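Working notes, beginning with the structure itself.
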Amino acid sequence: MKPEVMRDILIDEIYKRMKANDRIFFLSADFGSPALDRLREDFPERFINVGIAEQNLISVAAGLGLEGFTVFAYAIAPFLSMRAFEQIRISLALMAQTREVNVNLIGVGAGLSYDVTGPTHHCLEDIALMRLLPNVNVVSPADSSFMGDIASYAISDSKPCYIRLDGKALPRVYPSGSEPQFSDGFGQLRAGKKICLISTGYMTHIALQVADALSKEGCSIGLVDVFLLKNLNTSKLKTELNNYEILVTLEEGFIWRGGLDSLVSSLTMSSKTPKPVYPLGFDDKYIFEVGDRKHLHEVAGLGVDRIVEKIKSLNC
């Protein structure tokens with residue numbers, strides 16, 4: 001299937017819902033998209049460009065949310081999740097514990113999407129930061145399969161939501177009609193024996209390459225894609241992971257800092273028979289080298305061949 005840009009598919013889904021619901025606003029921090037042009041033209045009274053001012057974006061969005069509107073706030077992921085973190089914490093996470101405030105943050109450029117732009121635009125902290133906040137849902141899709149589900153989920157759930165999207169055009173990992181139940185929060189892409197690889201976002205595409213490479217060497221590993229990083233069906237995921245002896249997590253984020261590895265580790269630690277969790281991600285340092293995503297992954301030890309070797313060392 002032709003690669004798709006997730007943000008364009010999601011904005012199209014939001015557009016459809018704005019046509020049917022005049023209580024939905026779309027805010028942008030001076031950030032565009034081809035799909036956004038139609039929305040801006042057709043709903044000028046419900047589209048607001050606050051400029052390059054992510055902190056103000058959250059304040060305006062929170063104000064609209066407290067007045068009972070449903071809001072989508074759209075910006076570049078590292079600046080949305082980090083520059084405006086205090087506003088998200090106070091105006092959304094704290095407020096949502098006492099009031100309904102349906103504000104949905106769309107962060108584009110998760111992980112190393114903006115690869116050649118350097119560490120200021122890399123986004124390796126957002127999973128941990130947003131998962132840390134009470135009352136904030138976190139969505140991390142690997143492809144465009146769930147954009148309709150995500151739009152409906154964001155509108156129907158009154159809690160704030162952080163939706164982290166890759167900035168690149170990506171093929172679908174779920175063939176049409178084979179998508180898992182969105183409310184489960186995860187999908188099994190490969191069934192295996194001893195080892196299960198658990199990934200999220202863009203790294204699910206890398207995980208598929210790893211699983212295929214290992215399969216050619218006679219090593220059958222499971223692969224689970226996690227797209228809800230909070231409020232997923234943890235009991236169902238735990239049951240799935242209980243079929244394996246060893247769990248390996250793979251994420252474009254710093255390891256052991258509250259991301260996917262921590263989510264999986266907490267699940268297995270609450271089990272009667274805890275399983276070892278091996279995290280694969282970025283060590284405790286930024287990458288200043290210049291290059292595309294594949295090169296940066298190689299620098300970080302996350303190239304496909306390196307991951308294959310690491311998993312083989314676990315005696316798969």
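The values are calculated or read from the model by the stated rules, or taken from the named source; none is laboratory data. Since the structure is predicted, the reported quantities are computational estimates derived from the model, not experimental observations. Glycine gets a Cβ as well: all are built from the backbone with ideal geometry, and neighbour counts include every protein chain shown.
Could you please let me know if M130 is buried (at least 23 other Cβ atoms within 10 Å of the Cβ) and either assigned by TED's automatic domain parsing to the domain that holds E13 or under 15 Å from the mean Cα position of the chain (by Cα) (or both)? Break it down stepwise before answering.
Details: buried (at least 23 other Cβ atoms within 10 Å of the Cβ): yes; either assigned by TED's automatic domain parsing to the domain that holds E13 or under 15 Å from the mean Cα position of the chain (by Cα) (or both): yes.
For M130, the condition - buried (at least 23 other Cβ atoms within 10 Å of the Cβ) and either assigned by TED's automatic domain parsing to the domain that holds E13 or under 15 Å from the mean Cα position of the chain (by Cα) (or both) - is met.
Is it the case, given these coordinates, that A169 is buried (at least 23 other Cβ atoms within 10 Å of the Cβ) and either farther than 23 Å from I198 by Cα or over 12 Å from the mean Cα position of the chain (by Cα) (or both)? Steps first, answer last, please.
On the way: buried (at least 23 other Cβ atoms within 10 Å of the Cβ): no; either farther than 23 Å from I198 by Cα or over 12 Å from the mean Cα position of the chain (by Cα) (or both): yes.
So A169 does not fit the description; no.
Among the numbered conditions (1) closer than 20 Å to I52 by Cα; (2) touching a residue at least 12 places away in the same chain (Cβ under 8 Å); (3) in a loop (DSSP other than H, G, I, E, B); (4) of a type outside the set (S, T, N, Q), tell me where L27 comes up short.
With respect to (1) closer than 20 Å to I52 by Cα; (2) touching a residue at least 12 places away in the same chain (Cβ under 8 Å); (3) in a loop (DSSP other than H, G, I, E, B); (4) of a type outside the set (S, T, N, Q), L27 is out only on (3).
Residue by residue through the stretch 200-242, note down the ones that are touching a Ser or Thr at 6+ places or on another chain (Cβ under 6 Å), part of a strand (DSSP E or B) and of a type outside the set (V, I, T).
Correct list: D225 only.
Which one is nearest to D212 (Cα to Cα) among residues in the stretch 262-277 that are in contact (Cβ under 8 Å) with a residue 12 or more places away in the chain and under 20 Å from the mean Cα position of the chain (by Cα)?
This residue is V264.
If you go through the stretch 259-291 one residue at a time, how many are assigned to a helix (DSSP H, G or I), hydrophobic (A, V, I, L, M, F, W, C) and crowded, with 17+ Cβ neighbours inside 10 Å? Can you show your working first?
Here is the first cut: in the stretch 259-291, the residues assigned to a helix (DSSP H, G or I) are 260-269.
So of that shortlist, the ones also hydrophobic (A, V, I, L, M, F, W, C) come out as 260, 263-264, 267, 269.
Among the residues that remain, those that are also crowded, with 17+ Cβ neighbours inside 10 Å are: 260, 263-264, 267.
The qualifying residues number 4.
Can you pull out the residues in the stretch 141-165 that are closer than 14 Å to V5 by Cα, of a type outside the set (A, V, I, L, M, F, W, C) and assigned to a loop (DSSP other than H, G, I, E, B)?
Those that are closer than 14 Å to V5 by Cα, of a type outside the set (A, V, I, L, M, F, W, C) and assigned to a loop (DSSP other than H, G, I, E, B): P141, D143, S144, S145.
Please verify whether the stretch 109-122 includes one or more residues that are assigned to a strand (DSSP E or B) and crowded, with 24+ Cβ neighbours inside 10 Å. Steps first, answer last, please.
As a first pass, look at the stretch 109-122 and keep what is assigned to a strand (DSSP E or B): 111.
The next check asks that each one be crowded, with 24+ Cβ neighbours inside 10 Å; those that pass are 111.
The answer is yes; a qualifying residue exists.
Tally up the residues in the stretch 191-205 that are surrounded by fewer than 22 Cβ atoms within 10 Å (Cβ to Cβ) and within 20 Å of the chain's Cα centre (by Cα), please.
1
Hey, can you tell me all the residues within the stretch 1-33 that are touching a helix residue (DSSP H, G or I) at 6+ places or on another chain (Cβ under 6 Å) and over 17 Å from I155 (Cα atoms)?
Within the stretch 1-33, A29, S33 qualify.
May I ask you to list pairs of residues, at least six apart or on different chains, whose Cβ atoms are under 7 Å apart, with the first in the stretch 127-143 being on the phi > 0 side of the Ramachandran plot and the second being crowded, with 24+ Cβ neighbours inside 10 Å and at pLDDT 95 or above?
Between residues of the stretch 127-143 that are on the phi > 0 side of the Ramachandran plot and residues that are crowded, with 24+ Cβ neighbours inside 10 Å and at pLDDT 95 or above, the close pairs are N135/P160.
Identify, from the list G63, G68, the residue that is part of a loop (DSSP other than H, G, I, E, B), more than 22 Å from the chain's Cα centre (by Cα) and at pLDDT 95 or above. Walk me through it before giving the result.
Working: G63 fails: part of a loop (DSSP other than H, G, I, E, B).
None of the others qualify; the one that does is G68.
Of the conditions (1) under 30 Å from G118 (Cα atoms); (2) without any contact (Cβ under 8 Å) to a residue 12 or more places away in the chain, E45 fails just one. Which one is it?
For E45, the failing item is (1).
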